[in-house]
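A.B. asks: Structure incoming, see below.
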Amino acid sequence: MKKITTIFRQISGQVQVLSVIALMSMPLFFSCVDNDDDIPENMYTAQKMTAGAFLETNQDRFSEFTALLKRTPYFSLMTTYGRYTLFAPTNDAMAQYIQNNGYGSVAGIPQNICDSLARTHIIRKGAFFTSDVPEGNVGLNMLDQYITWSSDSDVTNGNRLIYYVNKNSRMTEFNDSVTNGVVHIVDRVLSSSTDFLPEKMREDTTITLFCEALRLTHLDDSLHEYMDEHYSIGVDSVTIGTQERCLNNGNPYMTCLWVSNRYFKFTAFVEPDSVYHRNGINNIEDLKAYAKRIYDATYPEDAGQYDHDFTHRKNPLNRFVSYHLLNRIIMYNDLVGNELTSQCWKTSVADPEEFYETMCPGTLVRLAMPSGSDQGVFINRRGLMARLYDDQSRGVKVLAPSESGKTDQQALNGFYHYIDDILTFNTHTRDVIFNCRMRFHPSTLSRDFMNCDGRNHKDDIGNSLRGFKKGFTDGWQMSDESFVGVTGNDVWWASFMGGVVVISGRFDVTLRLPCVPKKGTYEIRIGYTPNEERGVIQAYLNNVPCGIPVDMRIYPTDAEIGFISDGSEGAKTAEEIKMQDKALHNRGFMKAMDVWYQGGTSNTGGCLRNNNISTRRVLATESLDPDKVYYLRLRQVLDNPENYCNFNYLEICPKSVYGSPEGEDQH
């Protein structure tokens with residue numbers, strides 16, 4: 001057995017957990033972040049010039065911004081080793097900012113504003129080039145706010161691409177690589193909103209009808225949370241003392257950081273007024289009537305009972321508005337998958353998609369990214385690539401940043417996306433769109449994972465893990481000896497989406513399951529990669545044991561499971577493959593999906609379905625009701641803190657899918 005060690009170290013008031021982790025049974029690929037080998041070389045890297053030196057060398061262009069940075073601790077940061085993205089406003093941009101705000105000079109800017117401006121312009125966790133992110137979320141700046149960029153064509157200059165930061169600041173030059181990252185030059189000082197999401201939306205004159213409905217239902221009151229003042233990090237974060245967990249031959253592999261702040265953030269999908277007008281909705285009375293038609297049909301048992309109480313959760317207008325809201329922030333390029341999706345998803349067999357619960361009780365949205373057609377991201381779509389299953393399954397398109405005009409849509413505590421049609425949870429959505437297997441990556445199963453830099457986090461420290469504290473992780477209950485952390489994403493991990501949620505220690509955790517769209521019988525499954533260092537897990541549904549414990553140390557090829565790969569080495573014909581799948585399912589197991597390829601789709605041997613270290617286990621088959629709440633409890637049976645669970649995905653699959661005559665697909 002490999003030795004497992006964990007070291008707690010306090011740095012700058014934060015607790016770092018230096019963990020050694022072998023999350024997947026596969027070759028590990030290390031990258032060294034303390035060098036500039038992978039930074040594109042130009043005159044600045046060739047001269048070993050830092051971002052700070054870049055500014056000082058070009059004082060004719062950046063003297064004002066340099067003076068601002070030197071009033072803060074952040075200029076010295078730009079001269080140190082690391083991986084930073086710096087957005088540098090020109091002297092003209094600084095002069096315009098100073099004039100607009102009546103400061104007179106850089107010296108006249110209040111100190112707190114100087115600090116805020118400096119932190120707005122720096123992404124500390126990584127060097128991001130325009131080639132890394134086509135458009136959307138680039139990363140979090142030092143205020144923990146998202147930096148986004150969009151692009152346009154310069155018709156006066158041969159349709160050359162123009163990049164904008166946060167919609168309004170144009171990058172006049174970009175990708176100036178320096179030894180400690182990259183500098184992008186902007187023609188306007190970046191702004192950061194201090195408004196909460198409802199106030200930010202009310203400033204937008206193109207979405208007045210939705211904002212009126214938001215106010216009338218008082219759902220705007222639910223969007224005024226921002227930061228948990230009771231959360232802190234420090235020595236109190238080490239709730240399990242010197243608990244040992246995770247390993248890789250005793251050598252440090254993954255650094256675990258407790259999240260520094262706990263945020264409450266939100267996402268809204270909003271129809272512009274023009275969309276309502278196109279559908280004959282011209283005022284709030286029209287919108288009330290429209291919502292009533294839709295939701296009286298979806299919920300006939302509630303029809304007419306709550307029509308005049310717009311704050312009641314079963315009121316049609318309340319349901320309409322709340323179905324547009326998520327209690328987590330999701331930027332455009334994070335709506336479906338992560339940065340590995342374009343490399344690892346086999347788009348010819350299934351479109352990339354995600355499922356999220358909305359703030360309308362008992363409802364979900366299904367987000368899909370039609371492949372091979374460059375159509376963008378759609379809500380509640382059912383199809384493959386450009387083809388739809390029926391004429392009602394197109395879904396509602398989420399407009400990309402470059403399609404959304406120049407309005408900055410980011411608030412202090414959230415983001416709103418424009419959509420191109422009316423979004424509802426109608427009967428077709430409930431009965432057809434959601435008549436499918438719902439697969440959830442565990443990093444979506446708590447708002448905290450998504451609001452607090454867990455899911456899809458980007459770092460300058462290489463392999464990393466975000467730790468989440470007991471009592472501060474929405475939807476999760478943890479015993480004192482439990483640790484829960486979210487990994488980053490790695491193209492070579494034998495896991496769906498390239499990452500997992502790690503549950504370690506002598507753990508006993510309970511998570512709230514996502515709701516189901518309609519009453520019926522469902523299978524509840526968990527995906528994982530077996531390994532001798534895993535645990536033996538007893539699962540419970542609402543505290544009722546789900547059969548015998550799952551021994552995650554046993555490989556699928558073991559006789560107890562009986563995995564046989566498809567093709568020349570195993571089941572060959574379609575009928576043989578179908579019989580093998582049925583035999584596995586009868587024993588409570590399933591092969592992994594065929595849509596995800598470890599190492600990318602060019603790695604033809606990396607299909608997880610034929611990977612004998614990736615599997616699915618059916619935990620329970622139960623009748624579920626969208627009006628009820630269900631909890632999945634996972635308890636470590638082994639009395640050994642060195643064994644752990646790598647939770648890769650959760651599936652909730654209706655009987656109409658897994659029990660259909662043609663059988664469930666392999667995707």
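The values are calculated or read from the model by the stated rules, or taken from the named source; none is laboratory data. Not measured: the values here are computed from a predicted model. Cβ coordinates were reconstructed from backbone atoms using ideal geometry, including for glycine residues, and neighbour counts include every protein chain displayed. For accessibility, only protein heavy atoms count, side chains too; no ligands or nucleic acids. Shrake-Rupley method; radii C 1.70, N 1.55, O 1.52, S 1.80 Å.
A.B. asks: Within region 565-609, can you find the residues that are of a type in the set (Gly, Ala, Ser), assigned to a loop (DSSP other than H, G, I, E, B) and either more than 26 Å from residue 551 (Cα to Cα) or touching a His at 6+ places or on another chain (Cβ under 6 Å) (or both)?
C.D. replies: Filtering region 565-609 down to residues of a type in the set (Gly, Ala, Ser) leaves 565, 567-568, 570-571, 574, 583, 588, 592, 599-600, 602, 605-606.
With assigned to a loop (DSSP other than H, G, I, E, B) added as a condition, the list becomes 565, 567-568, 570, 588, 592, 599-600, 602.
Correct list: 567, 568, 599, 600, 602.
A.B. asks: If we scan region 491-511, do we find a residue that is within 26 Å of residue 435 (Cβ to Cβ), in a loop (DSSP other than H, G, I, E, B) and at pLDDT 95 or above?
C.D. replies: In the first step, residues of region 491-511 are kept if they are within 26 Å of residue 435 (Cβ to Cβ); the result is 496-497, 511.
Now restrict to residues that are in a loop (DSSP other than H, G, I, E, B): none.
Checked against the condition, which is being within 26 Å of residue 435 (Cβ to Cβ), in a loop (DSSP other than H, G, I, E, B) and at pLDDT 95 or above, region 491-511 yields no hits at all.
A.B. asks: Further question on the same structure: Only residues that are under 33 Å from the mean Cα position of the chain (by Cα) and of a type in the set (A, V, I, L, M, F, W, C): list them for region 549-597, please.
C.D. replies: 550, 552, 554, 561, 563, 584, 589, 590, 592, 593, 595, 596
A.B. asks: Additional query: Looking only at residues in region 645-657 that are closer than 20 Å to residue 531 by Cβ and modelled with pLDDT of 95 or more, which one is surrounded by the most Cβ atoms within 10 Å (Cβ to Cβ)?
C.D. replies: Filtering region 645-657 for residues that are closer than 20 Å to residue 531 by Cβ and modelled with pLDDT of 95 or more, the one surrounded by the most Cβ atoms within 10 Å (Cβ to Cβ) comes out as 648.
A.B. asks: Next question, about the same structure. Specify the residue that is surrounded by the most Cβ atoms within 10 Å (Cβ to Cβ); the eligible residues are those in region 374-406 that are touching a strand residue (DSSP E or B) at 6+ places or on another chain (Cβ under 9 Å) and of a type in the set (S, T, N, Q).
C.D. replies: It comes out as 380.
A.B. asks: Of all residues in region 595-644, which are without any contact (Cβ under 8 Å) to a residue 60 or more places away in the chain, farther than 23 Å from residue 667 by Cα and surrounded by 15 or more Cβ atoms within 10 Å (Cβ to Cβ)?
C.D. replies: None - no residue of region 595-644 is without any contact (Cβ under 8 Å) to a residue 60 or more places away in the chain, farther than 23 Å from residue 667 by Cα and surrounded by 15 or more Cβ atoms within 10 Å (Cβ to Cβ), so the list stays empty.
A.B. asks: With respect to residue 537, determine if the residue is assigned to a strand (DSSP E or B), out of contact with any Ser or Thr (no Cβ under 6 Å at 6 or more places or on another chain) and open to solvent by less than 50 Å² (accessible area, probe 1.4 Å).
C.D. replies: The answer is yes for residue 537.
A.B. asks: At least 2 residues that are within 30 Å of residue 166 (Cβ to Cβ) in each: list the helices (runs of 4 or more DSSP H) lying fully within region 266-334 that qualify.
C.D. replies: 273-278, 316-322
A.B. asks: State all residues of region 548-581 that are open to solvent by 30 Å² or more (accessible area, probe 1.4 Å), over 23 Å from residue 635 (Cβ atoms) and either aromatic (Phe, Trp, Tyr) or in contact (Cβ under 8 Å) with a residue 60 or more places away in the chain (or both); if no residue qualifies, say none.
C.D. replies: Result: 578, 581.
A.B. asks: For the list (1) in a loop (DSSP other than H, G, I, E, B); (2) of a type outside the set (A, V, I, L, M); (3) at pLDDT below 90, I need the number of the one condition that residue 256 fails.
C.D. replies: The number of the failed condition is (1).
A.B. asks: Have a look at 408, 431 and point out the one that is within 18 Å of residue 210 (Cβ to Cβ), among the charged types (D, E, K, R) and out of contact with any Gly (no Cβ under 8 Å at 6 or more places or on another chain).
C.D. replies: Exactly one of 408, 431 is within 18 Å of residue 210 (Cβ to Cβ), among the charged types (D, E, K, R) and out of contact with any Gly (no Cβ under 8 Å at 6 or more places or on another chain), namely 408.
A.B. asks: How about region 48-106: which helices (runs of 4 or more DSSP H) wholly inside it have at least 3 residues that are within 22 Å of residue 164 (Cα to Cα) and not small (Gly, Ala, Ser)?
C.D. replies: 59-70, 91-101
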